[in-house]
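**Student:** My questions all concern the structure below.
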Amino acid sequence: MNKKAIIIGSGIGGISASIHLSKLGYQVDVYEQAEKPGGKLNEIREGGFRFDTGPSLFTLPNLVDNLIELSGSSSKDIFKYDKLENVCRYYFTDGTVFNAWSDTEKFASEASRVFNEPKSNVENYLTRVKEMYDLSADLFIFKPFARFSTLRSKAGKKVATKIHKLDMLLSMHKRNKRSFRSKKLVQLFNRYGTYNGSNPYKAPATLNMIAHLEHNDGAFFPEKGMYSIVTTLVDRAKAMGVKFHFNKKVDRVLVDGKKLIGVEIDHEKIEADKVISDMDVTNFYKHLMPKKKLPLRLKIMEKSSSAIIFYLGINRTFPDLDVHNILFADNYKEEFDYLFKRKRTYHDPTVYIFISNKSTKTDAPSGCENWFVMINAPVNIGQYTEEVLSDVRANVLKKINSMLNVDIESHIVFEEMGNPITIEEKTSSAGGAIYGGSSNSRLSAFLRHPNKHSKIKDLHFVGGSVHPGGGIPLCIASAGIVAEDIKNEIIDQQ
Ligand code: FAD
């Protein structure tokens, strides 16, 4: 009889793990507390509008392709996506508008034209971040980091000989300031710190490699929207025999000393040979293993930022806006001081507007647009009163009005809000952090919880709160690491 694996949670990490485990011959059951899969990668459909509720930026699509291929299907047939010509349209408070073209040469020329930045500065920077990514991705993203075997592996040795290239001593901001003359270009590249919920004025310059993904590799968008990543992969998992159980909250993980027994759901004991948790790891320990101490690393590690999102149905079109748009704050440094030191939102926030129906026409009724309007926000520590959230809304609308010269409120025909409290309620992420821990320190990579329990050998972890971190590609990578571990165990047992 097949060995049994239970997966807790159907976020992108859990879904990816289900495909891997099924491929390894396990009978896989995924238990999900919500009524549908996806976790943070989810959608709202209302009044003819469709909104992706969480992720909107899609990089490394080949990782999704690989899962589809692993499941025995061809990605080309069932999951189509386009490369965006314009990665993002940036609006600055002095009226400057900048298109971050995907094509490197076009991007460098645009930076030279709009910001008066020598093209060579941009080209050298993009070459350097590519080198950083190529040098370290295997070690930092696709392998179980901080394990002796990894550090001694080919990937580990490669990094050890060129460790200076990782630029760990400067902050992202300091490196960017040394790289560009234009303050606006510094701000633009600093923004990549937010891609894993970090503060670019603190996070090591190693993270500048995030820009490589969008600017050298490209930003993509699925033809049927971000949620189609979930529906496609869940369909493939089901075709492989994976069973999904919705509205089923796992209450406990059952262990006997160091031996894994299974899980408890609604007072029922369900045995398993493997349990893989895709749940936020802090809440996993607090709620599912309350007798075990919260690992020290989880107490020390600063949480990533969260977000406040307004899903707005808009009854007109804005031809000047693109799929991804940023309305920058004037004082970016102060905005991050508010987010990470004062733990409050900023009164003149950087506003991100994502409009999927610029690419997927059916996401809004004709003549309308589906606006996903997001600002970065600190995790919930009790500061989000109704009054605070109402002030945030007013500040966000004020910013949109002033930068786009519009009265946006008069065009809103549908509105829903997501915030750190609702993110925690819906997905069990501690404080509503959207990327688990931040990378605000050089030690962050070492502090991140590993993909395997230190004592209970059949208990594994995937998803954004464990190694290698948050974001769709990294969550998919976490499932690959767990699969590799289990495959090695199977080989050892033979
Ligand atoms: P999660 O999405 O955290 O899901 C965990 C699942 O486990 C949930 O479905 C939850 O209901 C379930 N669960 C929890 N506890 C239990 C239990 N006890 N029993 C059963 N089920 C349980 N990433 C990008 O790549 N690009 C972006 O542009 C981007 N933007 C983002 C914007 C926002 C607003 C948010 C919220 C996130 C964004 N992210 C982005 C981050 C990305 O969404 C996450 O890193 C990723 O989706 C997390 O996946 P996960 O596998 O960790 O699972």
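**Student:** Just give me the residues in region 276-300 being at pLDDT 95 or above, open to solvent by 10 Å² or more (accessible area, probe 1.4 Å) and in contact with a His (Cβ under 7 Å, 6 or more places away or on another chain), in sequence order.
**Tutor:** Those that are at pLDDT 95 or above, open to solvent by 10 Å² or more (accessible area, probe 1.4 Å) and in contact with a His (Cβ under 7 Å, 6 or more places away or on another chain): none in region 276-300.
**Student:** Moving on. Only helices (runs of 4 or more DSSP H) wholly contained in region 38-121 count here; list those with 1 or more residues that are on the phi > 0 side of the Ramachandran plot.
**Tutor:** none
**Student:** Just give me the residues in region 296-345 being within 16 Å of the ligand (Cβ to nearest atom), among the hydrophobic types (A, V, I, L, M, F, W, C) and closer than 27 Å to residue 407 by Cβ, in sequence order.
**Tutor:** Selection gives 307, 308, 309, 310, 312, 323, 326.
**Student:** In addition: So in region 36-45, with the set limited to residues that are more than 15 Å from the chain's Cα centre (by Cα) and surrounded by fewer than 24 Cβ atoms within 10 Å (Cβ to Cβ), which one is farthest from the ligand (Cβ to nearest atom)?
**Tutor:** 45
**Student:** Limited to region 435-487, what total is found for residues that are away from the ligand (no atom under 13 Å from the Cβ), among the basic types (Lys, Arg) and part of a loop (DSSP other than H, G, I, E, B)?
**Tutor:** Selection size over region 435-487: 3.
**Student:** May I pose another question? Residues that are buried (at least 21 other Cβ atoms within 10 Å of the Cβ) and among the small types (Gly, Ala, Ser): does region 410-422 have at least one?
**Tutor:** Checked against the condition, which is being buried (at least 21 other Cβ atoms within 10 Å of the Cβ) and among the small types (Gly, Ala, Ser), region 410-422 yields at least one hit.
**Student:** While we're here: Looking at region 476-491, I want the residues that are open to solvent by 20 Å² or more (accessible area, probe 1.4 Å) and have a partner that is among the small types (Gly, Ala, Ser) with Cβ atoms under 8 Å, at least 6 apart or on another chain. Which pairs are those?
**Tutor:** 480/16
**Student:** Give the residues of region 252-263 that are within 14 Å of the ligand (Cβ to nearest atom) and either open to solvent by 50 Å² or more (accessible area, probe 1.4 Å) or at pLDDT below 95 (or both), sorted by residue number.
**Tutor:** Matches in region 252-263: 252 only.
**Student:** Among residues belonging to region 376-388 that are hydrophobic (A, V, I, L, M, F, W, C) and touching a strand residue (DSSP E or B) at 6+ places or on another chain (Cβ under 7 Å), point out the one that is surrounded by the most Cβ atoms within 10 Å (Cβ to Cβ).
**Tutor:** My answer is 377.
Yes/no per residue for (1) open to solvent by less than 10 Å² (accessible area, probe 1.4 Å); (2) closer than 18 Å to residue 423 by Cβ:
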| residue | (1), (2) |
| --- | --- |
| 270 | no, no |
| 274 | yes, no |
| 302 | no, yes |
| 311 | no, yes |
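**Student:** Select from region 6-35 the residues that are under 16 Å from the mean Cα position of the chain (by Cα) and among the polar types (S, T, N, Q) and write down the one among them that is farthest from the ligand (Cβ to nearest atom).
**Tutor:** My answer is 16.
**Student:** Now for a separate question. Looking only at region 46-79, filter to residues that are closer than 30 Å to residue 373 by Cβ and charged (D, E, K, R); which one of those is nearest to the ligand (Cβ to nearest atom)?
**Tutor:** 52
**Student:** Kindly indicate which of 438, 429, 444 is crowded, with 20+ Cβ neighbours inside 10 Å, farther than 19 Å from residue 308 by Cβ and small (Gly, Ala, Ser).
**Tutor:** Residue meeting the stated conditions: 444.
The values are calculated or read from the model by the stated rules, or taken from the named source; none is laboratory data. Note that the coordinates shown come from a computational prediction; the quantities given were computed from them, not determined experimentally. Because the Cβ atoms are built from the backbone with ideal geometry, glycine has one as well, and the counts that use them run over all protein chains shown. In case anyone asks, the SASA skips ligands and DNA or RNA and just uses the protein heavy atoms, side chains included. Shrake-Rupley method; radii C 1.70, N 1.55, O 1.52, S 1.80 Å.
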